[in-house]
Amino acid sequence: MDRLCEDLLSGRGEASGMALAQAVLNLWERLDKPGRLAFFNLLQERFGPDHVLLDNAIETYRTKPHAAAISALHHAAEPRRQELLRRLNLAPDGTPVLVRMRQALFEAIETQSDLKAIDDDFRHLFGSWFNRGFLVLRRIDWRSPANVLEKIIRYEAVHEIQGWDDLRRRLEPVDRRCFAFFHPQLVDDPLIFVEVALTSDIPRSIGEVLSSERKVLPAQEATTAVFYSISNCQEGLRGISFGNFLIKQVAEDLKRELPGLDTFVTLSPVPGFARWLASTAAEPGDLALTAGERAELARPAGETISLDDATKARRDKLLDQMTAEYMLRARTASGRVIDPVARFHLGNGARLERINVGGNLSARGLRESHGVMVNYRYDLDDIEANHEAFATRNTVVASSGVRKLLRTSGNASGQKDRDHG
């Protein structure tokens, strides 16, 4: 394989280059786990930058930093494996194989962290190959090809689809939509998809959205579009952003189709909340939790379903308050908002609209967030300002209703908060 890779980089004709690329990829697909690790080490050791060429380019630039020297330095600094990956992509179906190759690389990095340099090359190339200009937005409905529908069932990552009948309930009714981004080189294999419920108000729980007994709303009567599930489909494209483009384009398309829509919100999980809450209950810090509150927060989530009404009301109020603290004030050691879903939506310009205790009482919902879900609101007129506030000042833009839930008047994280009512 190393000889084939060297031959591929030697600059042979286009036809022979495609054949060489196909030969390398065919060999790679047959490798076992140790063989793939050996291949990644080959990329690391044999196909990095040409250090002699790089040293010469640096010296030339220092002597005479003109445009040609800068160009030569840029070329010399690029690892040879980047050009190798470009040429491997010449093979028919080369792109999906390279996506699978990156997925295998993630596993290899877990045991050999220095291979992250190879992932930097993949990210650089995939950022260009999968940019928005190459993506095609398609609506998925009950009449879509069966192989696409099967993948929607398989890739759903937020609320598991319980077979074909459940999928039909999510796609066929007139108040349901599903949209996906596709790439020309991954035919009928979605990159990311979003499921949308058309409603007359903002839902508080996933149960009311997915209920098999709900009343179907005529689409023209809907005032609210609810993005209740966003699933990335290709593990090999992890970290390549599509979701922000998807939500904004779907919102614009729905607005054109249904002018009566004036509210665009999500119904989102809070996957980091239970873990943060467990550590906070043990060491409450500035939150001044009472012993009773700490004991309540330490209660296993599965026990809370059978609580009496008074105890449940106290616990719900406490969870409301703690979720507000988590979303608005809690930060990582580097100062980032902790919750990954929050970072995604806030970074896209959404506003934290509402906290919904009891929003997801599934086993997963109770385990990850004590059943809490939240609504993020995409106000199309405020998206840019909200994004700027989060990106430049790490400000969580939230409704006044959410801010009123905060337990303390100080700001435990030292971050500036912005009220947005």
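The values are calculated or read from the model by the stated rules, or taken from the named source; none is laboratory data. Bear in mind the structure is a predicted one, so any value in this text is a computation, not a measurement. Because the Cβ atoms are built from the backbone with ideal geometry, glycine has one as well, and the counts that use them run over all protein chains shown. Surface areas here come from the heavy atoms of the whole protein model, side chains and all, with no ligands, DNA or RNA. Shrake-Rupley method; radii C 1.70, N 1.55, O 1.52, S 1.80 Å.
A compact table of results
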quantity: Matching residues, segment 155-190, being more than 29 Å from Thr95 (Cβ to Cβ) and aliphatic (A, V, I, L, M); calculated: Val174
quantity: Residue pairs meeting the criteria (Cβ under 9 Å; at least 6 apart or on separate chains; first under 14 Å from His345 (Cβ atoms) and touching a residue at least 60 places away in the same chain (Cβ under 8 Å), in segment 235-250; second in a loop (DSSP other than H, G, I, E, B) and open to solvent by 70 Å² or more (accessible area, probe 1.4 Å)); calculated: Lys248/Leu380
quantity: Answer residue from segment 226-253, given it is within 18 Å of Asp175 (Cα to Cα) and either β-branched (Val, Ile, Thr) or touching a Leu at 6+ places or on another chain (Cβ under 6 Å) (or both) and is most open to solvent (accessible area, probe 1.4 Å) among those; calculated: Ile230
quantity: Qualifying residue in segment 309-328 (condition: part of a loop (DSSP other than H, G, I, E, B) and touching a residue at least 40 places away in the same chain (Cβ under 8 Å)); calculated: no
quantity: Among the residues listed as Arg204, Arg214, the single one being under 24 Å from Arg354 (Cα atoms) and modelled with pLDDT of 95 or more; calculated: Arg204
quantity: Any chance Ser144 is polar (S, T, N, Q), at pLDDT below 95 and over 19 Å from the mean Cα position of the chain (by Cα); calculated: no
quantity: Subset of segment 348-384 that is over 13 Å from Ala398 (Cα atoms) and basic (Lys, Arg) - its residue that is most open to solvent (accessible area, probe 1.4 Å); calculated: Arg367
quantity: Residue in segment 113-122 that is under 15 Å from Gln185 (Cα atoms) and either open to solvent by less than 90 Å² (accessible area, probe 1.4 Å) or without any contact (Cβ under 8 Å) to a residue 40 or more places away in the chain (or both) present; calculated: no
